[in-house]
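Okay, so here's the structure we're looking at.
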Amino acid sequence: MTDTKLLDKEYIAPTYGRFPVEIVRGEGSLLYDNEGKEYIDMGSGIAVNTFGTADPLWIKAVTEQLSLFQHTSNLYYTAPCARLAELLCQRTGMKKVFFSNSGAEANECAIKAARKYAFEKKGEGCYEIITLKNSFHGRTITTLAATGQDSFHKDFLPLTDGFISIEPTEEALLAAVSDKTAAILFEIVRGEGGVLPLDRDFVKAMCRVAKEKELLLIADEVQCGNGRSGTLYAYMQYGMTPDIVSTAKGLAGGLPLGATMLGEKVEGVFTPGTHGSTFGGNPIASAGAYSILSRLDDTLLCEVKEKSELIFSSLLGQPGIKSVTGLGLMIGIETEKPAAEVLAKCRDLGVLLLTAKTKVRLLPPLNIEKELLVKAIEVIKTACREE
Ligand SMILES: *Cc1c(COP(=O)(O)O)cnc(C)c1O
């Protein structure tokens, strides 16, 4: 074992089942390990490295800010987060943004906003949030409570009260809504839960019920947002407008940044002192995010859709592949072999993949070169085929 692997095993809390690879550098959609082996990156650090590794434009934006000031605290005005908030609002129609550092925190803020809004609007006791089975919303005690997968809960009970998870059907939703319901929290594409896009009819029903019962709609776009789905945010493909949108992962292209966007209804919910974060809206992360977001234009998003179609058409119906699901460059593949076996084989052949539950998951950089993508697809096909 290399020193790094030994040190990691000795000193890092063993919460991760790591792959037996030490990454030392990268360039675009290629990564290199400590033995010089080259890999095609089909994971982007779990949908984080939007434009791959060491992207020159992103490095320029980040280092320019780094040389000015790296942090000031939220007691002062700073341009990078103000400009980023403006750009986010312009591109989404949302009214205000709260910045944090991760997806879980972006969701915590969304949950606090929904509870405060419901309390002020409907009074005490209206705090329940309906979430979906197989969702994933984070690892804090409250976002775990929101996560509709019991396997994540069992060691940490009791969790925060006030969350109910349902199957995404109209009947289940109607049965769950009551006078206590404040909001519905959903991922348009459940990522960790198996790359499952929501059914369009369910989304329509959800919007109708939310309107009738005056419930807030909260879109968790931590994974499917920031161009990943082929539109800037995935909800934009469903003809709906959430009241709150949370995002993180790919937003700053590799730096920690969470954003909770507040729509018209809830834009005034927070007042000074009601929420905060020391690092939230960090200037370096914000400068990185501004650069990323400015490049997520129609041309780029169109390319995401084309590459998505290429993956679907190349993999659907191939030997050893049972199904392909997803949206844009967020794709789940149900394979006949166990996903771990496919991942190991692809790793040997120089392609790094992810899993989502029992599926193989692809989250390549949005600007991956067509030739590299084709090469990775061929490797995946080879690995899925029976020997
Ligand atoms: C990853 C993820 C989170 C949690 O984000 P962290 O940055 O790990 O806290 C929340 N929601 C969704 C949909 C995610 O994919």
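Every read-out reported here was derived from the displayed coordinates using simple, explicitly stated rules and does not represent laboratory data. Just so it is clear, the model here is predicted, and its values are computed rather than measured. We place every Cβ from the backbone using ideal geometry, glycine too, and count neighbours over all the protein chains shown.
For the reader, a short list of remarks on this structure follows.
- The slack between residue 164 and residue 322, meaning 0.36 nm per residue of separation minus the straight C-alpha distance, is 53.7 nm.
- Share antiparallel - DSSP beta bridges, the chain, percent rounded to 5: 65 percent
- The label-point distance for residue 35 and residue 23, in a model that sets each label 7 Å from Cα toward Cβ, rounds to 1.9 nm.
- Based on Cα contacts under 8 Å between residues 6+ apart, segment 187-308 shows a relative contact order of 22 percent.
- Here r is the Cβ-Cβ distance between residue 150 and residue 171 and R0 is 25 Å; the resulting FRET efficiency, rounded to 0.05, is 0.75.
- Residue separation of residue 83 and residue 179 scaled by 0.36 nm, minus their Cα-Cα distance, works out to 30.6 nm of gained length.
- Placing a pseudo-label 7 Å from each Cα along the Cα-to-Cβ vector at residue 241 and residue 341 gives an inter-label distance of 5.1 nm.
- Point-to-point label distance, residue 141-residue 64, nm (Cα→Cβ direction, 7 Å offset): 4.4 nm
- Longest site-free stretch - the chain; sites: chymotrypsin sites (Phe, Trp or Tyr not before Pro), DSSP loop, at most 13 other Cβ within 10 Å: 78-387
- Segment 121-166 and segment 174-238: distance between their alpha carbon centers, rounded to Å: 15 Å
- Full extension of the chain segment joining residue 90 with residue 10 gains 24.0 nm, where the gain is 0.36 nm per residue of separation less the Cα-Cα distance.
- Springs between Cα atoms under 10 Å define the GNM used for the chain, and in it the highest mean-square fluctuation of 72, 131, 15 occurs at 15.
- Of the GluC sites (Glu not before Pro) in segment 105-172, the ones in a loop by DSSP (not H, G, I, E or B) with at most 10 other beta carbons within 10 Å are 124.
- Extents of the chain, taken as max minus min of Cα coordinates on every principal axis and listed largest first, are 61, 53, 46 Å.
- The simple Förster model, with R0 at 25 Å and r as the Cβ-Cβ distance, assigns residue 267 and residue 310 a FRET efficiency of 0.05.
- Taken as Cα centroids, segment 349-369 and segment 32-83 sit 20 Å apart, rounded to the nearest whole angstrom.
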